[in-house]
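The values are calculated or read from the model by the stated rules, or taken from the named source; none is laboratory data. Since the structure is predicted, the reported quantities are computational estimates derived from the model, not experimental observations. With ideal geometry, Cβ positions are generated from the backbone for all residues, glycine too; neighbour counts draw on all protein chains shown.
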Amino acid sequence: MKKNYITLTIGAFLVIIFGFMLFTFQVRETEVAIKTWFLKAVKDDEGMADIKPGFGFRLPWPVHDVHKFDKRIQSSEWTFEETGTIDAQPILVKVFVTWKISDALKFFSSFSGDMAKANEALEGNVRSAQNAVIGNYAFNNLVTTNKEELKLDAIEDDMKKRVGEDSVGNGIEIIMVGIKRLGIPESVTSAVFERMKAERQAEIQKIQAEGERQAKEIKAKADLEANKILAVARAEAIQISGEAEAQAAKSYKVFKQNPELANFLFQRKALEGLLKENSTLILDPNTPPFNLLTQPNTGKAAE
């Protein structure tokens with residue numbers, strides 16, 4: 001009897017679990033879902049069919065059916081494809097796209113929730129946009145050493161706009177369209193390298209010319225500044241020389257009153273200059289100013 005009780009308890013517990021799973025469903029934070037009623041989408045009061053994350057109730061299939069999709073950002077890329085530019089130059093382009101589901105009902109209606117079908121439709125939209133956009137640009141706008149000629153950002157923005165317009169009806173939001181890699185067909189590789197080499201050489205010459213121009217400008221400014229400094233120095237020298245001559249003129253007036261004293265002072269100053277350091281001199285004692293050592297003539301000087 002006890003054994004039957006345990007069996008019945010376990011059976012009832014399993015029935016409860018099975019019933020819970022049969023009449024409920026869960027949508028994760030990374031998912032978006034729609035619920036259908038006999039294959040027709042169930043919409044809310046605002047006309048939206050997207051079901052938010054959490055638990056929900058349903059009736060068993062085929063009355064209700066729940067379709068879940070990954071709402072995280074997806075990334076798709078494809079192989080190289082040759083595209084022609086506006087100047088009839090071939091180029092190999094590899095494009096990538098990041099996208100997410102923006103409307104679960106439209107996505108389900110377009111692809112029945114199949115991500116592979118969505119990726120295939122995206123590839124067609126991207127190829128079409130790629131050929132249309134790049135066909136409006138020159139080869140130099142994609143491959144060049146001159147940054148001013150590159151238009152990759154504008155090309156990618158234009159492609160994103162076109163792919164987004166073509167995909168919005170499928171419930172897909174385009175996050176980014178970018179050029180992952182560029183290739184050059186073997187038939188034009190040599191010509192492209194030569195052109196890039198010529199562009200680089202032209203850039204070198206441009207930089208050298210700019211450097212020479214700046215060097216000349218700096219030298220001219222330096223010469224002008226040097227001339228200003230020299231002019232100021234000459235003016236100051238003339239002023240100092242004039243002041244010195246004025247002071248000398250005053251001294252000359254004093255010396256004229258007593259020439260003997262002036263001569264004595266000049267000779268003594270010369271002697272001090274010669275004997276500033278330890279020296280040994282052999283000279284005629286009568287030679288000025290050394291005659292002061294033997295014949296100071298102090299009497300006249302004092303007068």
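Tell me the residue from D166, D153 that is assigned by TED's automatic domain parsing to the domain that holds A88 and more than 25 Å from the chain's Cα centre (by Cα), please. Spell out how you get there, then give the answer.
Working: D153 fails: more than 25 Å from the chain's Cα centre (by Cα).
Exactly one of D166, D153 is assigned by TED's automatic domain parsing to the domain that holds A88 and more than 25 Å from the chain's Cα centre (by Cα), namely D166.
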- Which residues, counting only those in segment 99-118, are crowded, with 16+ Cβ neighbours inside 10 Å and among the polar types (S, T, N, Q)? S102, S109, S110
- Message: For segment 69-81, check the following and say yes or no: at least one residue is modelled with pLDDT of 90 or more, crowded, with 16+ Cβ neighbours inside 10 Å and under 30 Å from E186 (Cβ atoms).
- Response: yes
- Given the conditions (1) out of contact with any Ser or Thr (no Cβ under 6 Å at 6 or more places or on another chain); (2) within 24 Å of N136 (Cα to Cα); (3) at pLDDT 85 or above, and given that A237 satisfies all but one, which numbered condition is not satisfied? (2)
- Just checking, which of E243, E199 is within 38 Å of the chain's Cα centre (by Cα) and either touching a residue at least 24 places away in the same chain (Cβ under 8 Å) or over 30 Å from T144 (Cα atoms) (or both)? E199
- Task: Need at least 1 residues that are more than 30 Å from I51 (Cβ to Cβ) and touching a residue at least 60 places away in the same chain (Cβ under 8 Å) per element, so show me which helices (runs of 4 or more DSSP H) inside segment 70-167 make the cut, counting only ones lying wholly within it.
- Result: 152-167
